[in-house]
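Trainee: Before anything else, here's the structure in question.
Each reported figure results from applying straightforward, stated rules to the coordinates on display, with no laboratory input. The structure displayed is predicted, hence computed values, not measured ones. No Cβ is skipped: glycine too gets one built from the backbone with ideal geometry, and neighbour counts run over all protein chains shown.
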Amino acid sequence: MNIIFLGAPGAGKGTQAEVVAKAKNIPAISTGNIIREALANGTDMGKKAKSYMDAGQLVPDEVVIGIIKDRLAEPDCANGFILDGFPRTIPQAEALDAMGVVIDKVIEIDVSDEDIVKRMSGRRVCRKCGVTYHIDYKKPLVEGKCDTCGNELSIRPDDAPETVLDRLTVYHELTKPLRGYYAEQGKLITIEGQDKVADTTALTLKAVE
Ligand code: AP5
């Protein structure tokens, strides 16, 4: 099954993508994580993307389309995949169609802007393996340490409150039109993001059955 996770920054796409990836044994592909990894490794692409990311803006379409094209050609995508954070613009969705990629379901996690701002301020991430936590909603077993690899948890630079507001503006303007794009194709399933991660997970797993 090929699945897209859609939603505002911080709606819980990454959290749910990880769960579904494990349940279905398919890879979860996060363009945000791929770009952050390139940044950490000091590649040219990472350096170019940095200024956009830091400002809460989208990285140019041609860059992310290239990333996805290469990633989907890898053998682990043969039996299905999850796209977390791609597409984010209509041209990106059209590029996916032009690649001949057939999407089965588009799961949108709907969360109010007010709740997004609250969630982002408590998010902590593992820079080594990309797993996300929350200081109230998804605590690690040992404070400040990743459950998976034991690495120190940190705050993402673009989770600063003023940058989150910029990311939300970009989301409403450029990404939200994708709802209509996939609703017209009869693929959109909207889940209302719940207060508890486990409740959202239950709804997500039902949607991808
Ligand atoms: P990216 O990394 O994709 O960031 P994003 O979409 O802004 O989404 P996030 O990862 O911030 O949030 P999420 O929805 O995955 O939420 P999470 O599960 O972590 O992209 C970053 C940047 O890269 C972009 O701004 C752009 O510059 C660039 N980029 C990436 N893709 C691009 C593209 N296609 N085109 C152009 N540029 C691109 O959850 C958030 C927090 O809430 C966590 O702490 C979590 O524990 C908590 N939480 C989750 N669910 C719940 C719940 N139900 N209740 C309470 N708390 C919850």
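Trainee: 5 Å is the cut-off here: which amide hydrogens, built 1.01 Å from N in the peptide plane, fall below it relative to residue 145, excluding neighbours closer than 5 in sequence?
Mentor: Counting only residues 5 or more places away or on other chains, the set is 153.
Trainee: Given C-alpha coordinates of region 16-62, what is the ratio Rg to Rh with the Kirkwood estimate of Rh?
Mentor: Taking Rh as the inverse mean 1/r over Cα pairs, Rg/Rh reads 1.10.
Trainee: Whole-Hz ³J(HN,Hα) for each residue in region 143-158, computed from phi via Karplus 6.51 cos²θ - 1.76 cosθ + 1.60 with θ = phi - 60°, x for glycine and proline: what do you get?
Mentor: 3, x, 10, 6, 5, 7, 10, x, 5, 5, 7, 9, 9, 5, x, 7
Trainee: Taking square-rooted eigenvalues a ≥ b ≥ c of the alpha carbon gyration tensor, is the chain rounded, prolate or oblate, where a/c under 1.5 means rounded and, failing that, a/b exceeding b/c means prolate?
Mentor: Rounded, since a/c falls under 1.5.
Trainee: Given H placed on each backbone N at 1.01 Å, which residues far from residue 81 in sequence or on other chains put an amide H within less than 5 Å of it?
Mentor: For residue 81, the qualifying residues are 2, 3.
Trainee: Per DSSP H run of n ≥ 4, the term is -39500 (n - 2.57); total these for the chain, divide by its residue number, and report the mean residue ellipticity at 222 nm rounded to 500 deg cm²/dmol.
Mentor: -13000 deg cm²/dmol
Trainee: Here's something else I'd like to know. Output the pairs from 22/139; 105/176; 47/118; 50/138; 69/176; 13/50 with a Cα-Cα distance over 18 Å in this structure; if there are none, say none.
Mentor: 22/139; 47/118; 50/138; 69/176; 13/50, as the Cα separations exceed 18 Å there.
Trainee: Sticking with this structure for a sec: Could you go through region 165-172 in sequence order and give the Karplus-derived ³J(HN,Hα) for each residue, using 6.51 cos²θ - 1.76 cosθ + 1.60 with θ = phi - 60°, rounded to whole Hz, and x for Gly and Pro?
Mentor: Here the 3J(HN,Hα) series is 5, 5, 5, 5, 4, 4, 4, 5 Hz.
Trainee: What whole-number value in cubic angstrom gives the convex hull volume per residue for the C-alpha atoms of region 2-91?
Mentor: Spelled out: Cα convex hull of region 2-91, divided by residues, is 103 Å³.
Trainee: Please list the three semi-axes, largest first and in whole Å, of the ellipsoid equivalent to region 107-209, using sqrt of 5 times the eigenvalues of its alpha carbon gyration tensor.
Mentor: The three semi-axes for region 107-209 are 27, 18, 12 Å.
Trainee: Taking Cβ-Cβ under 4.7 Å as the only way to count a partner, pick out the unpartnered cysteines of the chain.
Mentor: 77, 129, 149, each lacking another Cys Cβ under 4.7 Å.
Trainee: Quick check: residue separation of residue 202 and residue 70 times 0.36 nm, minus the Cα distance between them. What number comes out in nm?
Mentor: Full extension of this stretch gives 44.3 nm more.
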